[in-house]
Amino acid sequence: MSTEPVIALDPNWPKVSLQDATATLTAPGSKFEMETVTIRGVPTRVWKNAPHDLGQLLDLSRTHGKRTFTILDDERVTYEANYRATATLARALQAMGVGKGDRVAFAMRNLPEWPVVFFAITTIGAIAVPLNAWWTGAELEYGINDSGAKVLIVDAERHARIAEHLSAMPGLEQLIVARSPQPVPGARALEDIVGASNSWATLPDTDRPRVAIDSDDDVTIFYTSGTTGSPKGALGTHRNMMTNIMSAGFSSARSFLRRGEAIPDPTPRTSLTVIPMFHVTACSAGLMGMMASGGTSIFMRKWEPVQAMEIIQREHVHFTGGVPTIAWQLLEHPDRAKYDLSSIEAIAYGGAPSAPELVKKIYEEFGALPGNGWGMTETMATVTHHAAEDYLNRPTSAGPPVAVADLEIRADDGVTVLPIGEVGELWARGPMIVKEYWNKPEASAETFVNGWVRTGDLARLDEEGFVYIVDRAKDMVIRGGENIYSSEVENALYEHPAVTDCAIIGIPHRTLGEEPAAVVHLAPGMTASEAELQAWVRTRLAAFKAPVAVRFVHETLPRNANGKILKKDLKSLFEDREVAA
């Protein structure tokens, strides 16, 4: 059993064991009933009552009618208006020649247009490629060319970033730009197709295009960087996306049963959505459930704690989060007492390490229940979910798997399953696991094995199936939920003429979890300053990937017998640096 301190609200908690709660919720005839289907030759447990595909989900969302779907500043879009804009854009894409299996890439801030673009692409059987809006022009160029996108949709800011790269995208047939203050030569304005968001409700009442879609058809390419080489596109299916809707509902219902309470009927909730929609967490784990339940998503142009508290008070926001940073900044803001934040019911996050102290403070300071979970781009977000009293009791765990998922801890051979409590590589299986990496058969064969994904995370399981992530074998720094792959930054540093040896490691940060720092060995007779190397990286990669500190060493970096840098031996170089707040 867990040795973590028990701080549950009820001393008699849990009223129901995890095993019994799962059995009750998944019983035949229940909402969360499971069945076994064959996916790519592998028998797989799935949610029997999950929506069939994204088109069916869009139709379901339309039944919410005049309920508010998205809010951005003074822009409010209802579900009916969103449906009309989506159907209009979907027909326009078809008129441009976009058909089943074609890729359409897009990159933009969290805007009301984001879900319109996403569903317009996916409901006609095409493959949506949501690109990281923080990427540089060169990084965006790579994603567009690698995916083979024939249409690109961007906001004005992203267009300015890629304009000089367009000539290097030979497969691109159509460019659409949103929210540009002036016409863009060679591009169509998105507003010429669907109008501005405040006019979507007046668009013609036309049905969305109807296309034959199978649950296991390809639907998304979300890019994730590996430890070596270029970013890899994780090819997801409609079933992957739909699984999260049921997984989230199952986890919530399980918390009520564990508490000994009746499961309430689902009611729409308002969310302050501050993590980018191009992440699977916001898109798959967040947007899909919101569309099904009729909830409201509030977007911010940029995260700012005071503005966030104003929004929470004005709109009676029920939940927010995304990464621990957000919770810390709300908790520690000196003006927090000036705002009524009592509507907050839960603050959930994933994608970054969080201190047990934060779990406790969310409940004590806000009266809200904390939430966390584990997943990755390759799992289309949720595999485990950790919430309410379970999280309060095990603040260092990432929770148990949802009922349709299996977890195993395996030895280095990738075959031997290790006993409870032993640390090894985490393997996961279930209907949320993506199909493969786009056009990367060797990487796919290494990562996806007979329905399982080898995660690269080092973890252990306890007796009840709760998983504890103890380290990341993939040599990655997670800064406020953003993945920074060391090799990518190291490669940028190696391009500097003075750098002959370098390593990127993560150093602690109070609210962001960790930040990247560099250890560098310079070539004899060459010089470079910390500021110079930081600026060098920023011109080649997104700014958040640049090292926040650089330490120079006289000798080459320490390595093991296999030539791998011993990064754990480098952390002491930053002990004189105070943990940033």
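The values are calculated or read from the model by the stated rules, or taken from the named source; none is laboratory data. Keep in mind the model is a prediction, meaning the values are calculated, not measured. For neighbour counting, all protein chains shown are included, and Cβ atoms are generated from backbone atoms with ideal geometry for every residue, glycine included. Heavy atoms of the whole protein, side chains included, go into the accessibility calculation; ligands, DNA and RNA do not. Shrake-Rupley method; radii C 1.70, N 1.55, O 1.52, S 1.80 Å.
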Review point. LYS100 passes all but one of (1) under 22 Å from the mean Cα position of the chain (by Cα); (2) not in a helix (DSSP H, G or I); which number fails?
Key: (1)
Revision key, fill the gap. So, first residue of a type in the set (A, V, I, L, M, F, W, C) in region 54-67, second residue loosely packed, with under 14 Cβ neighbours inside 10 Å, Cβ within less than 6 Å, six or more apart or across chains; the pairs are none
Review point. Restricted to region 357-381, and to residues that are part of a strand (DSSP E or B) and among the aliphatic types (A, V, I, L, M), which residue is surrounded by the most Cβ atoms within 10 Å (Cβ to Cβ)?
Key: ALA381
Practice item. Being over 24 Å from ILE298 (Cβ atoms) and either touching a Gly at 6+ places or on another chain (Cβ under 6 Å) or free of Cβ contacts under 8 Å to residues at least 24 places away in the same chain (or both) is the filter here, so list the residues in region 240-274 that pass it. Key: PHE256, GLU261, ALA262, ILE263
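Report the residue count in region 320-343 for those that are surrounded by 21 or more Cβ atoms within 10 Å (Cβ to Cβ) and farther than 17 Å from GLY513 by Cα. So that I can check it myself, show each step before the final result.
So the first thing to find is which residues in region 320-343 are surrounded by 21 or more Cβ atoms within 10 Å (Cβ to Cβ), and the list is 320-328, 330.
Pick out the ones that are also farther than 17 Å from GLY513 by Cα and you get 320.
Going through region 320-343 one residue at a time, the tally reaches 1.
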Check your understanding: Restricting attention to region 411-424, which residues are open to solvent by 30 Å² or more (accessible area, probe 1.4 Å) and either within 17 Å of VAL470 (Cα to Cα) or part of a strand (DSSP E or B) (or both)?
Key -> ASP412, VAL417, LEU418, PRO419, ILE420, GLY421, GLU422, VAL423
Exercise for review: Need at least 1 residues that are more than 26 Å from PHE278 (Cβ to Cβ) per element, so show me which strands (runs of 3 or more DSSP E) inside region 473-556 make the cut, counting only ones lying wholly within it.
Suggested key: 499-509, 513-522, 549-552
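From LEU58, LEU93, LEU54, which residue is farther than 13 Å from ALA126 by Cα and of a type in the set (A, V, I, L, M, F, W, C)? So that I can check it myself, show each step before the final result.
Values: LEU93 fails: farther than 13 Å from ALA126 by Cα; LEU54 fails: farther than 13 Å from ALA126 by Cα.
Result: LEU58 is the single residue among LEU58, LEU93, LEU54 that is farther than 13 Å from ALA126 by Cα and of a type in the set (A, V, I, L, M, F, W, C).
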Check your understanding: List pairs: first in region 166-180 and at positive phi, second aliphatic (A, V, I, L, M) and open to solvent by 40 Å² or more (accessible area, probe 1.4 Å), Cβ under 9 Å, 6+ apart or cross-chain?
Key -> ARG179/ALA196
Review point. Across region 326-348, what is the number of residues that are of a type outside the set (Ser, Thr, Tyr) and assigned to a loop (DSSP other than H, G, I, E, B)?
Key: 7
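So which of ALA388, ALA368, ALA346, ALA411 is more than 30 Å from ILE221 (Cβ to Cβ) and either among the β-branched types (Val, Ile, Thr) or more than 25 Å from the chain's Cα centre (by Cα) (or both)?
Values: ALA388 fails: either among the β-branched types (Val, Ile, Thr) or more than 25 Å from the chain's Cα centre (by Cα) (or both); ALA368 fails: either among the β-branched types (Val, Ile, Thr) or more than 25 Å from the chain's Cα centre (by Cα) (or both); ALA346 fails: either among the β-branched types (Val, Ile, Thr) or more than 25 Å from the chain's Cα centre (by Cα) (or both).
Exactly one of ALA388, ALA368, ALA346, ALA411 is more than 30 Å from ILE221 (Cβ to Cβ) and either among the β-branched types (Val, Ile, Thr) or more than 25 Å from the chain's Cα centre (by Cα) (or both), namely ALA411.
Please find, within region 483-497, the residue that is modelled with the highest pLDDT out of those that are within 20 Å of the chain's Cα centre (by Cα) and open to solvent by less than 10 Å² (accessible area, probe 1.4 Å).
First, pick out the residues of region 483-497 that are within 20 Å of the chain's Cα centre (by Cα): 483-486, 488.
Next cut, open to solvent by less than 10 Å² (accessible area, probe 1.4 Å) only: 484, 486.
Numbers: ILE484: 86, SER486: 81.
So, considering only residues that are within 20 Å of the chain's Cα centre (by Cα) and open to solvent by less than 10 Å² (accessible area, probe 1.4 Å), the one modelled with the highest pLDDT is ILE484.
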Point to revise | Verdict on THR78 being surrounded by fewer than 24 Cβ atoms within 10 Å (Cβ to Cβ), in contact (Cβ under 8 Å) with a residue 40 or more places away in the chain and under 18 Å from MET288 (Cα atoms) | key: yes
Check your understanding: Is region 396-405 home to any residue that is of a type outside the set (S, T, N, Q) and within 14 Å of the chain's Cα centre (by Cα)?
Key -> no
Study note, to complete from the structure: Of (1) out of contact with any strand residue (DSSP E or B) (no Cβ under 9 Å at 6 or more places or on another chain); (2) over 28 Å from ILE275 (Cα atoms); (3) at pLDDT 95 or above, THR206 fails just (3)
Practice item. Show the residue pairs that are 6+ apart or on different chains and have beta-carbon atoms under 6 Å apart, the first residue being within region 365-390 and among the acidic types (Asp, Glu), the second being open to solvent by 30 Å² or more (accessible area, probe 1.4 Å) and not in a strand (DSSP E or B). Key: GLU389/TRP13
